[in-house]
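Note sheet for the following structure.
The values are calculated or read from the model by the stated rules, or taken from the named source; none is laboratory data. A quick note: this is a predicted structure, and the numbers were derived from the prediction, not measured. So basically every Cβ, Gly included, is an ideal-geometry build from the backbone, and we count neighbours across all protein chains shown.
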Ligand code: GDP
């Protein structure tokens, strides 16, 4: 068993390869839920959806969100009625958000809802939200705190930001299912996800880093030089006073990590890091990287 910590793009690209080289039943994924948001009365959990759709074989891997071939009739109709619909949500995708929202309104745990959705989609990997309570990533833009989705999707990350904060009512606790998955695992892989908006919210869940302490922990950088492969990670790292590169990424994880992996093209030198081709531009490349990471784990 291997446990992966995942957001909704970089780590799913690695999982796309992993599911080809190991039995998905041996894969647990602890997924960030701090990007979650209610839109038009329904609960979007972008990273959970991407990971679930990936294992279900229905993910749109052109965009790394939503269901391949989905239609957008409801989104188009709702867009004419309200300006709340700033995220393009497909009709099939929205059905999942409606089901999840209904479950949450009936006080069903997000872990249970995810389990039942996974079952419906015949997902055999163990897909787990990081926690069952609400954590929300917001960015500080002058005097305002703006939801991460609003900053990245609505404003396209165009505005300057000064800080990233994780807001919650009760401090988040890693679920029992998450802790059990880590305890059963031979290794924990922190995938090449955004350190600030995907990995740090997972790591702040109480109990997780303690459970990871005795495990072989491998982290893969999402940066090549001072630019992430995609997305706003550089601006977010700077806003948190971190170097926007592989060094800054690994500094976020501190002593938790045993093996650091950075791309062969990365000009930034990280002492002791292993160099691999981490650019997963197609499934073949994801499979190759997955195989290399499994070999590294087997040699430990
Ligand atoms: P989000 O939830 O959609 O923001 O996605 P993640 O946090 O999972 O992933 C975003 C990060 O993935 C970005 O910082 C990218 O640099 C990184 N990324 C995307 N594709 C690749 C890739 O092929 N290789 C590596 N090393 N990083 C990638």
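For the range 278-300, a residue qualifies if it is over 18 Å from residue 226 (Cβ atoms), touching a strand residue (DSSP E or B) at 6+ places or on another chain (Cβ under 7 Å) and within 9 Å of the ligand (Cβ to nearest atom), and exactly one does: 289. Considering every residue within the range 216-224, establish whether at least one is more than 20 Å from residue 293 (Cα to Cα), within 18 Å of the chain's Cα centre (by Cα) and either within 9 Å of the ligand (Cβ to nearest atom) or not in a loop (DSSP other than H, G, I, E, B) (or both). Taking every residue of the range 216-224 in turn, none turns out to be more than 20 Å from residue 293 (Cα to Cα), within 18 Å of the chain's Cα centre (by Cα) and either within 9 Å of the ligand (Cβ to nearest atom) or not in a loop (DSSP other than H, G, I, E, B) (or both).
Which is out of contact with any strand residue (DSSP E or B) (no Cβ under 6 Å at 6 or more places or on another chain) and buried (at least 18 other Cβ atoms within 10 Å of the Cβ), of 248, 225, 272? Please lay out each step first, then the result.
Values: 225 fails: buried (at least 18 other Cβ atoms within 10 Å of the Cβ); 272 fails: buried (at least 18 other Cβ atoms within 10 Å of the Cβ).
The conditions single out 248.
When you look at residue 192, is it part of a loop (DSSP other than H, G, I, E, B), crowded, with 18+ Cβ neighbours inside 10 Å and within 15 Å of the ligand (Cβ to nearest atom), yes or no? Here the answer is yes, as residue 192 does meet what is asked.
Summed over the range 225-251, residues that are more than 18 Å from residue 14 (Cβ to Cβ) and in a helix (DSSP H, G or I) total 9.
Touching a residue at least 40 places away in the same chain (Cβ under 8 Å), in a strand (DSSP E or B) and more than 11 Å from the ligand (Cβ to nearest atom): does that describe residue 275?
On the way: touching a residue at least 40 places away in the same chain (Cβ under 8 Å): no; in a strand (DSSP E or B): yes; more than 11 Å from the ligand (Cβ to nearest atom): yes.
It is false that residue 275 is touching a residue at least 40 places away in the same chain (Cβ under 8 Å), in a strand (DSSP E or B) and more than 11 Å from the ligand (Cβ to nearest atom).
One line per residue, one yes/no per condition, for (1) more than 16 Å from residue 42 (Cβ to Cβ); (2) touching a helix residue (DSSP H, G or I) at 6+ places or on another chain (Cβ under 7 Å); (3) at pLDDT 95 or above:
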residue	(1), (2), (3)
86	no, yes, no
92	no, no, yes
106	no, no, yes
112	yes, no, yes
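Just to be sure before I move on: is residue 127 more than 16 Å from the ligand (Cβ to nearest atom) and either under 21 Å from the mean Cα position of the chain (by Cα) or surrounded by 14 or more Cβ atoms within 10 Å (Cβ to Cβ) (or both) in the structure I sent? No, not satisfied.
What is the one condition in (1) within 24 Å of residue 281 (Cβ to Cβ); (2) touching a residue at least 40 places away in the same chain (Cβ under 8 Å); (3) touching a helix residue (DSSP H, G or I) at 6+ places or on another chain (Cβ under 8 Å) that residue 225 does not satisfy? So the condition that residue 225 fails would be (3).
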